[in-house]
Amino acid sequence: MSFFIHLGPHIIYEGFQPAEPEEEKPTKHSFYILALTAVATSIDAMAAGVSLEFMDENIFITAAAIGFATFTIVTIGVMPGRVLGLMFGKRSEVVGGLVLIAIGSYILYEHIAVQLVKDALIPDFE
């Protein structure tokens, strides 16, 4: 929650800054970066696999569903994002920052509302 509320204004600020010239991107990544990324991805996948096993779910169906959902959501986000980024440029960063602030505020509101309900229903709840 705090992440969204703090990152949003930063992104809005960056959206109002003049565009910086793009630096040439490296054509090759170092072995260290690739190895570190592979290890981190493997640890993440292992944690997800162990969690699914403890839940006693069919791991193949779950993995297929996660893969399909990820593919669909990324495709839906990247295709219009590329076009909208070209059309609106830096203004799209401002909109993205406002969306992050809205998400963080909503999460904060939900947590406060739940706490108020708990306090109202069970005054000595600890």
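Under the rule a/c < 1.5 gives rounded, and otherwise a/b versus b/c splits prolate from oblate, where does the stretch 15-55 land using the Cα gyration tensor? Since a/c reaches 1.5 but b/c is at least a/b, the shape of the stretch 15-55 is classed as oblate. Could you tell me which of rounded, prolate or oblate describes the stretch 54-116, using a ≥ b ≥ c as the square roots of the eigenvalues of the alpha-carbon gyration tensor, with rounded for a/c under 1.5 and, failing that, prolate when a/b is larger than b/c and oblate otherwise? Verdict is oblate for the stretch 54-116.
Per residue, the accessible area of the stretch 46-126 comes to 82 Å² when a 1.4 Å probe rolls over the protein heavy atoms.
Build a GNM of the chain with springs between Cα atoms under 10 Å apart, and of 114, 95, 78 the one that fluctuates most is 114.
In the chain, excluding the sites themselves, the longest stretch lacking any of the trypsin sites (Lys or Arg not before Pro) that are in a DSSP loop with at most 13 other Cβ atoms within 10 Å is 29-89.
For the chain, the C-alpha radius of gyration divided by 2.2 N^0.38 Å, with N the number of residues, is 1.52.
Whole-Hz Karplus values for the stretch 68-82 come out as 5, 5, 4, 4, 5, 5, 5, 5, 5, x, 6, 4, x, x, 5 Hz, taken residue by residue from phi with 6.51 cos²θ - 1.76 cosθ + 1.60 and θ = phi - 60°; glycine and proline positions read x.
Computed in the context of the full set of protein chains, the accessible area of the chain at 1.4 Å probe radius has 72% of its extent on carbon or sulfur.
The GluC sites (Glu not before Pro) of the stretch 1-80 that meet both conditions, a loop assignment by DSSP and at most 16 other Cβ atoms within 10 Å of the site Cβ, are 22, 23, 24, 57.
The values are calculated or read from the model by the stated rules, or taken from the named source; none is laboratory data. Keep in mind that what you see is a predicted model, and the values were worked out from it rather than measured. So basically every Cβ, Gly included, is an ideal-geometry build from the backbone, and we count neighbours across all protein chains shown. Accessible surface is based on the protein model in full, side chains and every heavy atom, while ligands, DNA and RNA are left aside. Shrake-Rupley method; radii C 1.70, N 1.55, O 1.52, S 1.80 Å.
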